[in-house]
Amino acid sequence: MKHLFRQGKSGKPVFLLLHGTGGTEEDLLPIAEMIDREASILSVRGQISEQGMPRFFKRLREGVFDEEDLVYRTKELFEFLGWAAKEYDFDRNNMIAVGYSNGANIAGSLLFHYEDVFKGAVLFHPMVPMRSLTLPNMTQLPIFIGAGTNDPICKPEETNELKVLLEEAGADVYMHWESYGHRLTESEVSEAKKWYTSKY
Ligand code: MLT
């Protein structure tokens, strides 16, 4: 998978950066810098091209996922994380996902499929990745969700549904609401930083 890795300060978490539709592995670098400039970074480019726009899995139309592809791509990314930990010699158990939109959705799918896949997650404008799964145990897993009261893609009802599903699995979910639609704003990132500093 096309990606970049940057070694941070020893002992600091590794941020797994997952961009939105049409993005690249460079997109979330300033966001990671704002949250913790000393963290290591593993940033991945989505394998799918939708009319030239990179994504992490196929969709049938906006908001409707190709579940077969989602399951396949989730496994592919999961295996890549194991490979990357060996290749770059980092602690696989010290990884925090930071995803926006389509990237938040594949991060959510990893959480839905694999126990202990991350030690935390920052999900900006996520949706419910799948509805047919029994979720793994997520007891005390810190998760930040940034959402928009008027987000036309990730509707508030769906964000709340995701929060409930994660909490039922035991996760410690913190929600932050803004009203700038689907945009990832600087104030949302500042809130994520405050949350991160209080947790790690
Ligand atoms: C998705 O397909 O993951 C969501 O609709 C968000 C997006 O537009 O990428």
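The values are calculated or read from the model by the stated rules, or taken from the named source; none is laboratory data. Everything numeric here is computed off the predicted structure, so don't read it as measured data. We place every Cβ from the backbone using ideal geometry, glycine too, and count neighbours over all the protein chains shown. The accessibility values were calculated without ligands, DNA or RNA, using every heavy atom of the protein model including side chains. Shrake-Rupley method; radii C 1.70, N 1.55, O 1.52, S 1.80 Å.
Using just the helices of the chain, give the 222 nm mean residue ellipticity in deg cm²/dmol: DSSP H runs with n ≥ 4 each add -39,500 (n - 2.57), and the total is spread over all residues, rounded to 500.
Roughly -10500 deg cm²/dmol at 222 nm, from the helical runs in the chain.
What share of the DSSP beta bridges in the range 1-153 is antiparallel, in percent to the nearest 5?
Given both bridge residues lie in the range 1-153, the antiparallel proportion sits at roughly 30 percent.
Give the residue from 145, 200, 169 lying farthest towards the positive end of the charge dipole for the range 136-200; charges sit on Cβ (+1 for Lys and Arg, -1 for Asp and Glu) and the dipole is referred to the Cα centre.
Value: 200.
Could you list, in their original order, any pairs among 75/163; 155/199; 86/119 whose Cα atoms are separated by more than 20 Å?
In this structure, 75/163; 155/199 exceed 20 Å between Cα atoms.
For the range 1-127, build the charge dipole from Cβ charges (+1 Lys, Arg; -1 Asp, Glu) around the Cα centre, then report which of 7, 21, 126 sits farthest towards its positive end.
It is 7.
Compute for the range 1-69: radius of gyration divided by Kirkwood radius, i.e. Rg/Rh, restricted to C-alpha atoms, rounded to two decimals.
On the Cα set of the range 1-69, Rg over Rh gives 1.07.
Would you list 177, 195, 83 from the most to the least accessible area, probe 1.4 Å?
In descending accessible area the options line up as 83, 177, 195.
Mind putting a number on the dipole of the range 1-95 about its Cα centre? Charges go on the C-beta only, +1 for Lys and Arg and -1 for Asp and Glu, and I need it in Debye to the nearest 20.
Result for the range 1-95 is approximately 120 debye, rounded to the nearest 20.
Gain in length, residue 135 to residue 68, computed as 0.36 nm per residue apart minus the alpha-carbon separation, to one decimal in nm?
The span from residue 135 to residue 68 would gain 22.4 nm if fully extended.
To the nearest 20 debye, what is the magnitude of the charge dipole of the range 76-166 about its Cα centre, counting +1 on the Cβ of each Lys and Arg and -1 on the Cβ of each Asp and Glu?
Its charge dipole is roughly 180 debye.
Send over a whole-number figure in Å² for the accessible area per residue of the chain, probe 1.4 Å.
Accessible area per residue: 46 Å².
Considering the chain as a Gaussian network with a 10 Å cut-off on Cα pairs, which listed residue, 181, 146, 46, attains the greatest mean-square fluctuation?
Highest fluctuation among the options: 181.
Enumerate the amide H contacts of residue 15 below 5 Å, restricted to partners 5 or more residues apart or on another chain; note that Pro and chain-start residues carry no placed amide H.
40, 41, 42, 96
Of 149, 159, which has the most accessible area with a 1.4 Å probe, and how do the rest follow in descending order?
Highest to lowest solvent-accessible surface, that is 149, 159.
Over the range 7-115, with every protein chain in place, what whole percent of the accessible area is carbon and sulfur at 1.4 Å, could you tell me?
Taking all protein chains in place, the range 7-115 shows 45 percent carbon and sulfur surface.
Projected area of the chain, taken from the Cα convex hull and averaged over every viewing direction, in nm²?
With the hull built on Cα positions only, its mean projection is 9.8 nm².
Using a Förster distance of 45 angstrom, determine the FRET efficiency expected from the C-beta separation of residue 24 and residue 168, and round it to 0.05.
0.85
Note down the magnitude of the dipole of the chain about its Cα centre, charges +1 on Lys and Arg C-beta and -1 on Asp and Glu C-beta and zero elsewhere, to the nearest 20 debye.
Once rounded to the nearest 20, the dipole reads 340 debye.
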